[in-house]
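All remarks here apply to the structure that follows.
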Amino acid sequence: MPEASKIVKAASAILLDFDGPVTRLMPPSVAATAAEAARRGLFNAAVPVPQSLKKSKDHLEVLRHAGTLDRVAIRMTDDACIKAEVAAAAKAEPTPGVREMLKAAARRGQEVVIISNNAPEAIEAFLNRTDLAGYVGLVIGRPPRRPDLMKPNPFMVRGALTRIGTPADGAVMVGDSTVDMQAARAAKVPAVGFARTPGRIKPLFEAGADDVTEDMAELA
């Protein structure tokens, strides 16, 4: 949508989610494998898996649960998630249009920061493998052993703004999930949603998106 492009181009800094806008890190089959690995982390910590998580295909949902438990459960589940994400990053491909968007941001002199609930190890491995690292000034992945600080908590968004010295109204968050929009809103940062499918448009607006695009190249 034209408004999404205007919002992104007007910002001095782009805060970019990873899984979705940059790459589809966790397609269904990979997501299921990662979730099972996270459950094994709980099992290895001698923690029973709640019934509600036994069939979950979201490894971060399992990690959030581990965050309510003891340090051993958090460590073992987080380690399992990191390993699964790094493995996924070794095979993932860039989202169509994101390379063009990143190149355009570089030409405009915009700072690009990746802010993700994924591990920084996986993000950096992907960026280096796909030759996109040169377009990203800073990577902020989920804090080690602190799943409680993942989005929608605005902790990482506020931390990014502090590190790059940009006010909230001088940045824009681009993400494909409702937690991205919620974190941006909590930090008072404008937000643009990326909808991979039409069914994602309404939830992104409801979560606080200023506008939504279905094509990352539109933000170039």
Task: Cα lying deepest toward the dipole's positive end in the chain, options ALA80, VAL174, GLN110, charges on Cβ - done: ALA80
- [ ] Starting from the amide H of ARG142, placed 1.01 Å from N in the peptide plane, find each other amide H under 5 Å away whose residue is 5 or more places distant or on another chain.
- [x] SER116, ASN118, ALA119
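Could you work out the local net charge near ARG75, counting Lys and Arg as +1, Asp and Glu as -1, over the other residues with Cβ closer than 12 Å to its Cβ? Don't skip to the answer; put the middle values down first.
On the way: positive: ARG71, ARG145, ARG146; negative: ASP70, ASP78, ASP79.
Once positives and negatives cancel, what remains is 0.
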TODO: Could you pull out every residue, at least 5 positions away or on a different chain, whose amide H is within less than 5 Å of the one on MET173? Hs are placed 1.01 Å off N in the peptide plane, and Pro or chain starts have none.
DONE: LEU15, ALA191, VAL192
Task: Modelled label reach - GLU121, point 7 Å along Cα→Cβ, the stretch 49-90 residues with backbone N closer than 14 Å - done: 75-90
- [ ] Would you please give the residues with an amide H less than 5 Å from that of LEU25, counting only those at least 5 places away or on a separate chain, with H modeled from the backbone geometry?
- [x] GLY20
Open item on the list: Using a Gaussian network model on the chain with a 10 Å cutoff between Cα atoms, which of LEU161, LEU63, LEU15 fluctuates the most?
Closed with: LEU161
- [ ] Could you give the size of the charge dipole of the chain about its Cα centre, using +1 on the Cβ of each K and R and -1 on the Cβ of each D and E, expressed in debye and rounded to the nearest 20?
- [x] 420
- [ ] Specify the inter-centroid distance of the stretch 168-198 and the stretch 76-95, based on alpha-carbon positions, in whole Å.
- [x] 23
TODO: For the stretch 148-164, take each phi angle, set θ = phi - 60°, evaluate the Karplus expression 6.51 cos²θ - 1.76 cosθ + 1.60, and give the result in whole Hz per residue in order, putting x for glycine and proline.
DONE: 5, 9, 5, 4, x, 4, x, 3, 5, 5, 5, x, 5, 4, 5, 5, 9
TODO: Considering Cα pairs under 8 angstrom that are at least six residues apart, work out the relative contact order of the stretch 117-193 and quote it in whole percent.
DONE: 24
Task: HN-Hα J in Hz across the stretch 103-113 - Karplus 6.51, -1.76, 1.60, θ = phi - 60°, x for Gly and Pro - done: 5, 5, 4, 5, 5, 7, x, 7, 6, 10, 10
- [ ] May I ask what percent, to the nearest 5, of DSSP beta bridges between residues of the chain are antiparallel?
- [x] 5
- [ ] Read phi for every residue in the stretch 41-53 and hand back ³J(HN,Hα) as whole Hz from Karplus 6.51 cos²θ - 1.76 cosθ + 1.60, θ = phi - 60°, with x for Gly and Pro.
- [x] x, 5, 4, 5, 8, 6, 10, x, 8, x, 4, 5, 10
TODO: Could you state the angle between the C-alpha long axis of helix 71-89 and the longest principal axis of the C-alpha atoms of the chain, as a value from 0 to 90 degrees rounded to the nearest 10?
DONE: 50
- [ ] Mind sorting out which of [x] 19.3; [y] 17.4; [z] 18.7 is the real Kirkwood radius over Cα pairs in Å computed from the coordinates?
- [x] [y]
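All of the numbers you see were taken from the coordinates with simple rules; none came from a lab. Bear in mind that the values here come from a model prediction, so they are computed numbers and not experimental data. Neighbour counts are summed over all protein chains in view; Cβ atoms, including those assigned to glycine, are modelled from backbone coordinates with ideal geometry.
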